[in-house]
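**Student:** Below is the structure I would like to discuss, written out as structure tokens.
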Amino acid sequence: MLRVRSHGRGGQGIKTASQIMGTAAFLSGYQSQDFPLYGAERRGAPIVAFTRVSQKTILERGPISLPDLLLIGDETLLEDPQAAPICGSDEQTVLFINSEKDPQILKGSFNLPSLPVTCGLTKLCLQYLNDGMVRSTALGAAGARLTGRISLEDLLESVEIELDVMGIAGQPLQSNLDLVREVFGALNPVTIKEREESALSPSKLMVLEQKEVQDAAPIITATRNMVQRKTGNWRIHRPEIDYEDCNNCMICYARCPEGVIEMDPEGKPVIDYDHCKGCMICAQECPKHSIKTLWEMDYELEPQ
Amino acid sequence: MNSNLNKKRMLTGNKAAAWGARLAGIEYVPAFPITPQTEIVETLSQWFADGTLQGKFTNMDSEHSMFMAAGAAAATGVRVFTASSSQGILHGLESIYTVAGWRVPFVMVNVSRALATPITLEPDHNDVMATRDCGLIQLHAETCQEVLDFVLMGYKIAEHPLVSIPVLVNLDGFVLSFSREPVMIPDEKAALEFLPPFKPVQPVFRASQPMARASAVFGGGTYTYFRIQQDLAARQAETVFNETAREFAERFGRTYEPVERFHVDDAEVVFVMSNSFATKGKSAVLKLRKQGIKAGLLKLSMFRPFPGEAIANALAGCQKVAVIDQNLAPGMGGIIYPEIVTAMYDKKDRPKKILSVVGGLGGKDIKEDDFLSIVERLNDSESKRPLYLFDEGDWSQFQQLQKIALV
Amino acid sequence: MIQIPSHYKKVTDLHPREEIAPGSALCAGCGGLEGLRLALKELGENVFISNAAGCFTLLSVYPFTPFRGSWLYTTMGAPVPAAQGVRDALDIQRDQGELTEEDDFQVMVVAGDGSSADMGLSPTSAAIHRNLDFIYFCYDNEAYGNTGFQLSGASPYGSRTQTTPVTKDHPAGAEMRKKDLFEIWKSQNPPYIATVSPREPIDLSNKFAKAKILKGPRLFICLSPCPPGWGFDPRDTHVIAKLAVDTGIFPLKEYVDGQVVHTRVPRKRIPVEKYLERQKRFRHLFVPKRQDEIIQKIQDGVDHYWEHYS
């Protein structure tokens, strides 16, 4: 059994990547299973999907807590405590990160359990699809290639099948197939050891005490504690105010659905990057075009 | 007891329910009519309109709306009463589940009536059984007196800090809802001493005390925690019922237990029943005893929480038990039957035989003769299916109707 | 006649305090959230929100709430009855002298168009009938958004939803016209109804300023451009919202004192296709082949509306 866990953000096609791998493995004669985990999260928010590949009947369901192959489609997730993509992986887990950074540096910065395999998929997606979002095909192709169990032919057929479901045909399909060939060629299969089955040990089940109703029912007496959830990690683009140019008209403040642009004491707008989801409405609406749109990835990652 | 403290009056089951609510000093009734419950809300609307009761009576647009308004008002700190029946219970089911999970206290009365299809006005217990898993406390009344007393006790149980769950009091449509019998109406002052005005033990909606309630959860662990707490609180309600019943007995002289044992101790055959037809069962027990059959009856006054231990203790040592379900889960049989069997399973001296009987559906009578048939079936070792109380007379009557219906 | 000065003239007049904390799981660029944000800036913190199942249910996910005031998740069909129960309970306690005026609050329903136009409509009509004192905020993204964008009673003619796919036999996608919730409410003559746009914060804020001093059922229909459902880049939420107003397909108006008043009349309405063509849900009207008949029908609907009101 090979267990693949894919991490990315809503809108990046992580679910489709897991399905491309699932279908490709199926076409290559394996039993396979794929499964996305939907939460309440939306476009830009961390998403996780799973693929299981096996020669025998798969007797597992649901999330994969201990992955054999971990695909990280968006390196900004590495510093995201909510997504925690590394969680559950061990030294036996093969890590793949969509990044152009030095694997040694990534390992050191994020305390990774092993040296990751890297490839700059984002650049390739821009090149082939004219889209900076990591698309399903690139990550799916990377995952399929790394397993060493899926032929290019089966992978291409799988991509055709899965993109057809999404209504992608013609030239866009061909571009995706070219992208798959490129990614397949750029990576080599890795050795993924079959995990030994461990003996079961009993769960530490507990006897819950009855609590008084306030502690026993879904009641929140705190107010505005939503602020503790940092949605800044949703950003793919980063708005940056050019204060030289800004005339403090506060249109950005008025238009921001999240209310994360504040007026500072001098009357200047200030963006709360902990929460800004990167919708880029402010940049679009700024009458003077004083808000720049930057790639979030171009910002240096801050290790945890 | 000073006779001035109490007064007896001829009351229907519905009026008794209204009196229970009145004596509980209810402040709010969101209402919607449905046969055979309507008399309850009509009575209460009169009392609110003429100043007998203080607070508000709101005519709602459906039971779904009504139960939601009831829960929301309880969460805002007033004492709430409401009532429904049958299709209304089903229409309101989503709201009932929802507000039960909020863990807010109030009392609702269900006047039992069978469910469509076919649609009928007459009683059976499928409606109240539909609320079995909602997380309500359920008290089932046999007499008009019990209706009144259970409503009054219901508030005490619902509002107990360790319970905080809505209580449903069930009475049979028609047979009890429209039957008049003498009912002791407790003195208002005594009722107030027993049940002081509502003082919520949990935060209620106030500008000075903002809160978010019933927010969505993600993750099965959080969901499971709240659900287990709901289970623990519901189970706690049996202890609280017993405490409440003790205090009630001291004040008003009437004693209640989760299960009532009628000639059970030396019985060889015990009928398990609930609600008004238990009266008929008791009569049958006395007649069977005259005919040399040592019969007894166990009446379930409490159905949620399920008083499994009390039931098991009562039935221990008894050879034969017949569970008479006035409801039907097609493909399974009576709904209470498997619960009784479960309660007995790990008892050494469990009955040799527990029979499922399904009768009294859609207003069909359970005759005293039926009880002898049940005893006979209990002696027949071949019975695998439930015993349906449907006799040759029923069959010939139906055939006549069908002759008219079909060409 | 209700006299309220329009005290908002420019965006810096808006109440500076944010009532809704960031951090919620709503989509980036949600037009409805911008509408609610502006609404609560005007209403302040003494607000109790009764919520119907929908996208905005994600505003409070245990153990978090973004609000200073109160929140109650109900069901899809019964946010209004919950508001009724809360309002009734407060009134009872006010009458008993158990609740001070300071401890009272504005009861508000926050529901999507699916709840508002479909499942929750009958209870809402009943609450208007009972003259329930509440504000109803409908974030109208013209479909069941939280389940992935299926047809609701508020989905417009010619739009693609997940349950009105565009096929050879169904070239328009949604074939029914959008329910007119404004007119449905108006038929019961409540004290106040308004349509608002997140792109028009001054108009929106002045309407809330007016409504908050009134009593009884008050409705706000907030056109809520929905990036994933409507199919546009989140940055364009306000562009789309503006086009909705400028093409006249979403008239900004209010109903007060028995009169409908348009608060922003587009001087020269631009063709509705300018609004349609920027959204994937209408893309089938333009590619692979332009469907003039359907576009014209939508335009005719808009023209007919404004002829009626000019």
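The values are calculated or read from the model by the stated rules, or taken from the named source; none is laboratory data. In this text, all values refer to a predicted model and were calculated from it rather than measured experimentally. Every residue, glycine among them, receives a Cβ derived from its backbone with ideal geometry; neighbour counts consider all protein chains shown.
**Student:** Suppose we filter C:Y157, C:Y139 for residues that are in a strand (DSSP E or B) and closer than 30 Å to C:E293 by Cα; which single one remains?
**Tutor:** Being in a strand (DSSP E or B) and closer than 30 Å to C:E293 by Cα holds for just one of C:Y157, C:Y139, which is C:Y139.
**Student:** Of B:T58, B:T98, B:T82, which residue is in a strand (DSSP E or B), under 27 Å from C:D104 (Cβ atoms) and facing another protein chain (nearest Cβ under 7 Å)?
**Tutor:** Answer to the check: B:T58.
**Student:** Another one. When you scan segment C:32-48, how many residues do you find that are more than 7 Å from every other protein chain (Cβ to nearest Cβ), in contact (Cβ under 8 Å) with a residue 60 or more places away in the chain and under 15 Å from the mean Cα position of the chain (by Cα)?
**Tutor:** Of the residues in segment C:32-48, 5 are more than 7 Å from every other protein chain (Cβ to nearest Cβ), in contact (Cβ under 8 Å) with a residue 60 or more places away in the chain and under 15 Å from the mean Cα position of the chain (by Cα).
**Student:** If B:P197 satisfies all but one of (1) away from chain A (no Cβ under 14 Å); (2) closer than 30 Å to B:K280 by Cα; (3) in contact (Cβ under 8 Å) with a residue 24 or more places away in the chain; (4) out of contact with any helix residue (DSSP H, G or I) (no Cβ under 7 Å at 6 or more places or on another chain), what's the number of the condition it fails?
**Tutor:** For B:P197, the exception is condition (2).
**Student:** Let me ask another. In segment B:344-353, what residues are more than 9 Å from B:A316 (Cβ to Cβ) and out of contact with any Lys or Arg (no Cβ under 8 Å at 6 or more places or on another chain)?
**Tutor:** Matches in segment B:344-353: B:Y345, B:D346.
**Student:** Within segment C:129-136, is even one residue within 11 Å of chain B (Cβ to nearest Cβ) and not in a loop (DSSP other than H, G, I, E, B)?
**Tutor:** Yes, because at least one residue in segment C:129-136 is within 11 Å of chain B (Cβ to nearest Cβ) and not in a loop (DSSP other than H, G, I, E, B).
**Student:** Now, a different point. What about B:R132, is it among the basic types (K, R), surrounded by fewer than 24 Cβ atoms within 10 Å (Cβ to Cβ) and more than 9 Å from chain C (Cβ to nearest Cβ)?
**Tutor:** yes
**Student:** Please work out which residue is modelled with the lowest pLDDT, limiting yourself to segment A:171-210 and to residues that are of a type in the set (V, I, T) and surrounded by 10 or more Cβ atoms within 10 Å (Cβ to Cβ).
**Tutor:** Going through the qualifying residues, I end up with A:I192.
**Student:** Follow-up. Need at least 1 residues that are of a type in the set (F, W, Y) per element, so show me which helices (runs of 4 or more DSSP H) inside segment B:300-407 make the cut, counting only ones lying wholly within it.
**Tutor:** Result: B:336-344, B:368-379, B:392-405.
**Student:** Additional query: Condition (residue is over 22 Å from the mean Cα position of the chain (by Cα) and within 27 Å of B:H160 (Cβ to Cβ)) applied to segment B:88-107: is it met by at least one residue?
**Tutor:** No, segment B:88-107 contains no residue that is over 22 Å from the mean Cα position of the chain (by Cα) and within 27 Å of B:H160 (Cβ to Cβ).
**Student:** Now for a different question. Can you find, within segment A:35-79, the residue that is farthest from the chain's Cα centre (by Cα) among those that are within 14 Å of chain C (Cβ to nearest Cβ) and in a loop (DSSP other than H, G, I, E, B)?
**Tutor:** A:A40
**Student:** Going through segment C:229-284 one residue at a time, which ones are without any contact (Cβ under 8 Å) to a residue 24 or more places away in the chain and either crowded, with 22+ Cβ neighbours inside 10 Å or basic (K, R) (or both)?
**Tutor:** Scanning segment C:229-284 gives C:R267, C:K268.
**Student:** Can you tell me which residue is modelled with the highest pLDDT among those in segment C:8-25 that are surrounded by 19 or more Cβ atoms within 10 Å (Cβ to Cβ) and more than 7 Å from chain A (Cβ to nearest Cβ)?
**Tutor:** C:E19
**Student:** Just one of B:T255, B:T279 is of a type in the set (S, T, N, Q) and within 20 Å of B:G359 (Cβ to Cβ); which is it?
**Tutor:** Matching residue, one of B:T255, B:T279: B:T279.
**Student:** Right, another one. Can you name the condition, by its number, that A:Q92 falls short on among (1) away from chain C (no Cβ under 14 Å); (2) out of contact with any Lys or Arg (no Cβ under 7 Å at 6 or more places or on another chain)?
**Tutor:** Every condition holds for A:Q92 apart from (2).
**Student:** In segment A:207-265, which residues are more than 8 Å from chain C (Cβ to nearest Cβ), aliphatic (A, V, I, L, M) and in a helix (DSSP H, G or I)?
**Tutor:** Within segment A:207-265, A:V213, A:A216 qualify.
**Student:** Looking at segment C:75-107, which of its residues are more than 7 Å from chain B (Cβ to nearest Cβ), within 26 Å of the chain's Cα centre (by Cα) and either surrounded by fewer than 24 Cβ atoms within 10 Å (Cβ to Cβ) or part of a helix (DSSP H, G or I) (or both)?
**Tutor:** Within segment C:75-107, C:M76, C:P79, C:V80, C:A83, C:R87, C:Q106 meet the criteria.
**Student:** Then there is this: Give segment C:55-74 a look and list any residue that's more than 7 Å from every other protein chain (Cβ to nearest Cβ) and either of a type in the set (A, V, I, L, M) or surrounded by fewer than 23 Cβ atoms within 10 Å (Cβ to Cβ) (or both), or say none.
**Tutor:** Residue satisfying the conditions is C:L59 alone.
**Student:** For segment B:46-55, what are the residues that are more than 14 Å from chain C (Cβ to nearest Cβ) and either small (G, A, S) or crowded, with 22+ Cβ neighbours inside 10 Å (or both)?
**Tutor:** Passing the criteria: only B:A49.
**Student:** Okay, moving on. Residues that are aliphatic (A, V, I, L, M), surrounded by fewer than 20 Cβ atoms within 10 Å (Cβ to Cβ) and either facing chain A (nearest Cβ under 7 Å) or assigned to a loop (DSSP other than H, G, I, E, B) (or both): does segment B:227-237 have at least one?
**Tutor:** yes
**Student:** Only residues that are surrounded by fewer than 16 Cβ atoms within 10 Å (Cβ to Cβ) and within 13 Å of another protein chain (Cβ to nearest Cβ): list them for segment B:238-257, please.
**Tutor:** Of everything in segment B:238-257, just one residue is surrounded by fewer than 16 Cβ atoms within 10 Å (Cβ to Cβ) and within 13 Å of another protein chain (Cβ to nearest Cβ), namely B:T239.
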